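Encoded as structure tokens, the structure appears first; notes follow it.
Each value in this text was obtained by applying a stated rule to the coordinates, not by laboratory testing. This is a predicted model, so every value here is computed, not measured. Don't worry about glycine lacking a Cβ; one is built from the backbone with ideal geometry, like all the others, and counts go over all protein chains shown.
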Amino acid sequence: MTAKTWTSYKKTYRNEADIFDFARCGDLRGLADILTSQPEFDFDEKNHNGYSALMLAVYNGQKDFCEALLRCGADVNSTDSVGNTLLMSAAFKGNLPIFELLLSYGAGTEYKNKSNMTVKDWAVMFKRTEIIDYLNRHYPNEKSSSKLGNIVKFIKLSFLLAFKKIAK
């Protein structure tokens with residue numbers, strides 16, 4: 001790497017962690033610092049990949065951080081660039097405590113992503129039995145596509161994500 005290229009590359013480095021870093025590892029102290037230094041902070045801001053801090057916290061199993069963000073007013077029904085909701089992310093990961101937390105803050109089970117996958121489709125696709133059982137008990141009218149239907153939807157979603165990356 002030449003000196004000029006290295007100088008340009010170094011400029012892309014961040015010196016400090018941000019809300020997305022804090023969300024991934026559940027750093028509540030980092031969140032508290034943001035709250036005290038930036039009282040008007042937008043907790044629904046998305047990173048360069050289109051994920052909110054709450055989505056990253058859900059995906060990484062950071063329940064306390066999720067609750068803190070929800071208490072700060074983060075949108076419980078926010079979506080990523082292909083329409084996946086936080087609840088879909090919790091269903092995909094099979095994290096029942098976070099799934100229940102999101103529902104307690106008003107997350108909707110009725111949403112579909114851009115390939116028409118539902119929360120239950122995600123749970124069924126990845127055999128998240130605790131989530132499926134919970135949905136069957138509390139939301140008996142929630143239907144899921146067949147296994148083949150879910151596979152087709154998942155492939156479609158994968159293509160949508162791939163084309164999105166190519167377009168960048």
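In terms of its Cα atoms, the chain spans 58, 37, 22 Å along the principal axes, sorted from long to short. Across the range 34-89, Cα-Cα distances exceeding 14 Å account for 50% of all pairs. A prolate overall shape is assigned to the range 116-167, the ratio a/c of its alpha-carbon gyration tensor axes (a ≥ b ≥ c) being 1.5 or greater and a/b exceeding b/c.
Computed per residue of the chain from DSSP H runs no shorter than four, each worth -39500 (n - 2.57), the mean residue ellipticity at 222 nm is -16500 deg cm²/dmol. Of the options L54, A32, I155, report the single residue whose Cα projects farthest towards the positive end of the charge dipole of the chain (beta-carbon charges: Lys, Arg +1; Asp, Glu -1). Towards the positive end, the residue furthest out is I155. Legend: residue pairs K63/K164; K120/K143; K46/K153; K93/K164; K63/K114, Cα-Cα distance threshold 18 Å; pairs beyond threshold, K63/K164; K46/K153; K93/K164; K63/K114. For the range 37-168, the Cβ-based charge dipole about the Cα centre amounts to some 820 debye (Lys, Arg positive; Asp, Glu negative; other atoms uncharged).
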